[in-house]
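*Asks:* One structure coming up, written as structure tokens, with questions to follow.
A short reminder: the numbers here are calculations on the coordinates, not readings from a lab. Everything numeric here is computed off the predicted structure, so don't read it as measured data. Cβ atoms come from the backbone with ideal geometry, glycine included; neighbour counts cover every protein chain shown.
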Amino acid sequence: MNILVVGLSHKTAPVDIRERVAFAPTAMEAPLKQVVGLPAVAEAVIVSTCNRVEIYACSRDPEAACSQLRHFLAEYHNIPADELNPHLYEHCGGEAIHHVFRVASSLDSMVIGEPQILGQIKTAYGYASEFKTVGLILNRFLHKAFSVAKRVRTETEIASNAVSVSFAAVELARKIFGTLTDKTVMLIGAGEMCELAARHFVNNGISQVLVTNRTFERAEKLAAEFGGRAVLFNDYVEHLHQADIVLTSTGAPGFILDRQQLEGVIKRRKNRPMFLIDIAVPRDIDPRANDIDNIYLYDVDDLQEVVQANLKERHKEAKKAEAIVLTEVDQFHQWLGNLDVVPTIVALRKKFEDIRQEELQKTLSRFSSLGDKERKSIEAMTAAIINKALHQPISLLKQCKDDSGSCDGYVDAVRALFGLVPPEPDAGDTPADDGLNELPIKE
Amino acid sequence: MSVNILLFKIALLVYLVATGLYLFDVLLRRERIGRIARWVLVGGFVVHCLALALRWFDAGQTPVSSPHEALSFFAWAIVGCYLLFDLRYRLAIIGAFVCPVAVVLMIVSSAMPKQLREPNPLLDSWWFPVHVSLAFAGYAIFALACVAGIMYLLQERMLKGKHFTGLYFRLPSLDILDNINARCLSFGFPLMTMGIISGAVWANAAWGDYWRWDPKETWALLTWFLYAALLHGRLTIGWRGRRAAIFAIIGFCCLLISFFVVNAMTDTEHSFRALQGVPMVTPR
């Protein structure tokens, strides 16, 4: 049994293709049933997000299944196959497992480490199990993918550094102050980004919020929103020393805080550090204030820089994650291989045993004069012949099972050579045929 | 080779392994290895304790009278203090900075002559262990303050300059580093003060003089004033952060000078030449 993936993502398709191929989350039943109705597809999950559309399937005949899935995607969304095909990728076997584990661990995402993708795959799996289009293999496969993603999350710091400007400010504050619980933040002016950053600070335990604005009503309104206190714009400098963190975003054409004022403030604070975030353009605070000891002044570009550094850090952590994914892929691939090897060995033994019994019956029935001892030795001899003849093929199968990976070739060859019937996939999980068999099996 | 030297060498080796693990943790971001490193370091410390105890037993007096002994004792005190601090802060990255210091001291120590000497009758007093233990405990804590200061300056530089390397993510917050500085000062300064006082009292008992202005005493006083200034600045005028970090680094440099230059090169009561008696006839 093979796992395969057919789909497209932000890496292979522009948004105008992605939006046409997307599946509506409210109507997943029809496409899922159609996909498992495809002759070569046994189980299927459809993942559809704004950055990717992928079908995970398992099949005995991966090549046929892939082309049927490509065909299905084009047909279902009414896109000419020629237009869609260049954007589609397909993975099979180990590659498919690797791909899905990477996607679930958010290693293939546009922003590495973003947390949504795992939830989206879980939702997709939820639909598939609701409409019974997954069986033994994909069930196991997706649960494994979820646990790999969890392992990546807990064992690496792939998601731990902020990639948004406002959250990066919170993390910087943590690097300066350690804990934020007893800190005060002051908002000067009320830009949207300023508000967002303030909200992040409040959510992360800031104890007091001061707000000032040229229009006092606006300040009061905002202060009420954060459970803080409004301060008159005329004398906010008098309150500045109470603030550990200052967010500015006024529309003033020049600096509203110069170096000298801030030197006074820091003296009044007895050198307790201050984190100034100047989100305004043009800037509100004289950049030379950064030279004052214990003042850390960041403007929008500086925060962008932090985000870049964080992204770089995520990419470094991603290398660790890739190693985790690889070991898990090996493990799962092995499990999948064993799934086929053991029944094949059993079937092979049974086949030969059946032949032996049949021929024994024939022969022994013709020689009724034989004694018990002779019968027994003939039986033993035939059993020995079979054991010796099968020893090499069976030990080879067992060996490639232990080595993990690529025993599919042997399994298929043994089955073809000896005409073994493959074990049926769970019949109950395959939905009724709904007339889609007119799709060609091979193009 | 006597057993105490063997144990000393094992301790050095284990410290080296712990240092390697700490650096591995920090440079290649393997947090689990940092946790292993802590236990390796604890193991090394236990071996080192045994080595010192045996040395004490063999020498018949507190083992700090030769350069080898003093350096080994110094490294032991630093590792011990670090492990105590680690109980509170649990930061493997500090280990990555502290352990190399201990290892360097140990390597220098192992390069020194390790021969045992006849006990020096002058040092046959209970004041000796009291005096040196207090002094070395203070040294070790100030060594930690110095390391925290270096880490503070590195982290502050990145935050001010808005240039972030991988270290930025591993170093703790400025607040914690400054907090370590303050804590070290509040433990180290009383220890150092008591070390000086105990020395003075002992000197009075032995020679009838509290203070003789020997170079070691002068340096120690100078260093004491430096730390006193820092403590005063911290408590009253809000010195902190960068300035405190720089002070801690300068203070520790002074300690190192008084330790290496004065003890090793001058000819006074504190010099190793005066501390050591004649060599023992049979080292075994």
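*Asks:* Please grab the % of Cα pairs in the protein assembly as shown that end up more than 51 Å from each other.
*Replies:* I get 42 percent for the Cα pairs in the protein assembly as shown exceeding 51 Å.
*Asks:* Extending each Cα 7 Å along its Cβ direction at A:Met110 and A:Leu311, get the distance between those two points in nm, one decimal.
*Replies:* 1.2
*Asks:* Between A:Thr154 and A:Ser129, what is the spin-label point distance in nm, taking each point 7 Å from the Cα along the Cα→C-beta axis?
*Replies:* 1.9
*Asks:* May I have the convex hull volume per residue, in Å³, for the Cα set of the stretch B:119-284?
*Replies:* Working: hull volume 24.0 nm³, N = 166.
Here the figure is 145 Å³ per residue.
*Asks:* Give a residue-ordered list of calculated ³J(HN,Hα) values for the stretch A:367-372 (Karplus: 6.51 cos²θ - 1.76 cosθ + 1.60, θ = phi - 60°; whole Hz; x for Gly, Pro).
*Replies:* Rounded to whole hertz, the list is 10, 6, 7, 5, x, 4.
*Asks:* At a threshold of 8 angstrom on Cα-Cα distance, excluding pairs fewer than six apart, so keeping six or more, what relative contact order does chain A reach in percent?
*Replies:* 17
*Asks:* Also, I was wondering about something else. Could you work out [θ]222 nm for chain A from helices alone, using -39500 (n - 2.57) per DSSP H run of at least four and dividing by all its residues? Round to the nearest 500 deg cm²/dmol.
*Replies:* Rounded to the nearest 500, the figure is -18000 deg cm²/dmol.
*Asks:* Where the centroid of each part is defined by its Cα atoms, how far is the stretch A:160-230 from the stretch B:247-261 in Å?
*Replies:* Each part reduced to its Cα centre gives a spacing of 43 Å.
*Asks:* A follow-up question, please. Would you mind calculating the gained length between A:Asn338 and A:Arg174 on full extension (0.36 nm times residue separation, minus the Cα-Cα distance), in nm to one decimal? Walk me through the intermediate numbers first.
*Replies:* On the way: separation 164, 0.36 × 164 = 59.04 nm, distance 4.96 nm.
Using 0.36 nm per residue and subtracting the Cα-Cα distance, I get 54.1 nm.
*Asks:* Quick check on chain B: helices-only [θ] at 222 nm, where DSSP H runs of length 4 and up contribute -39,500 (n - 2.57) each and the sum goes over total residues. Nearest 500, please. Don't skip to the end; give the middle numbers.
*Replies:* Working: 10 runs with 215 residues, N = 284.
The helix-only estimate for chain B comes to -26500 deg cm²/dmol at 222 nm.
*Asks:* Enumerate the calculated ³J(HN,Hα) couplings along the stretch A:16-27 in order (Karplus 6.51 cos²θ - 1.76 cosθ + 1.60, θ = phi - 60°), each rounded to whole Hz, writing x wherever the residue is Gly or Pro.
*Replies:* In residue order, the calculated couplings are 5, 7, 4, 5, 7, 8, 4, 9, 6, x, 7, 10 Hz.
*Asks:* Still on this structure: Quote the relative contact order of the stretch A:2-135 in percent (integer), defining contacts as alpha-carbon pairs under 8 Å separated by 6+ residues.
*Replies:* Relative contact order, the stretch A:2-135: 34 percent.
*Asks:* Then there is this: I'd like the FRET efficiency for B:Leu28 and A:Ser369, computed as 1/(1 + (r/R0)^6) with the beta carbon distance as r and R0 of 56 Å, rounded to 0.05.
*Replies:* Once the sixth-power term is evaluated, E becomes 0.10.
*Asks:* Out of the stretch B:90-165, which chymotrypsin sites (Phe, Trp or Tyr not before Pro) are coil in DSSP terms and have no more than 10 other C-beta atoms within 10 Å? Write out the running numbers ahead of the final one.
*Replies:* Working: sites: B:Phe97, B:Trp126, B:Trp127, B:Phe136, B:Tyr139, B:Phe142, B:Tyr152, B:Phe164; in loops: B:Trp126, B:Phe164.
Qualifying residues, ordered by number: B:Trp126.
*Asks:* Can you work out the FRET efficiency for the pair A:Gln260 and B:Arg212, with r the C-beta to C-beta distance and R0 = 51 Å, to the nearest 0.05?
*Replies:* Once rounded, the FRET efficiency stands at 0.50.
*Asks:* I need the phi-derived Karplus couplings for the stretch A:286-298: 6.51 cos²θ - 1.76 cosθ + 1.60, θ = phi - 60°, integer Hz, Gly and Pro marked x.
*Replies:* So the Karplus estimates, Gly and Pro as x, are 4, x, 5, 4, 5, 6, 6, 4, 6, 10, 10, 10, 10 Hz.
*Asks:* Along its principal axes, what span do the Cα atoms of chain B show, with the longest given first and each in whole Å?
*Replies:* Reported extents, whole Å, longest axis first: 60, 45, 28.
*Asks:* Tally Lys/Arg at +1 and Asp/Glu at -1 over every other residue whose Cβ is under 15 Å from the Cβ of B:His232; what's the total?
*Replies:* Charge balance in the 15 Å sphere: +4.
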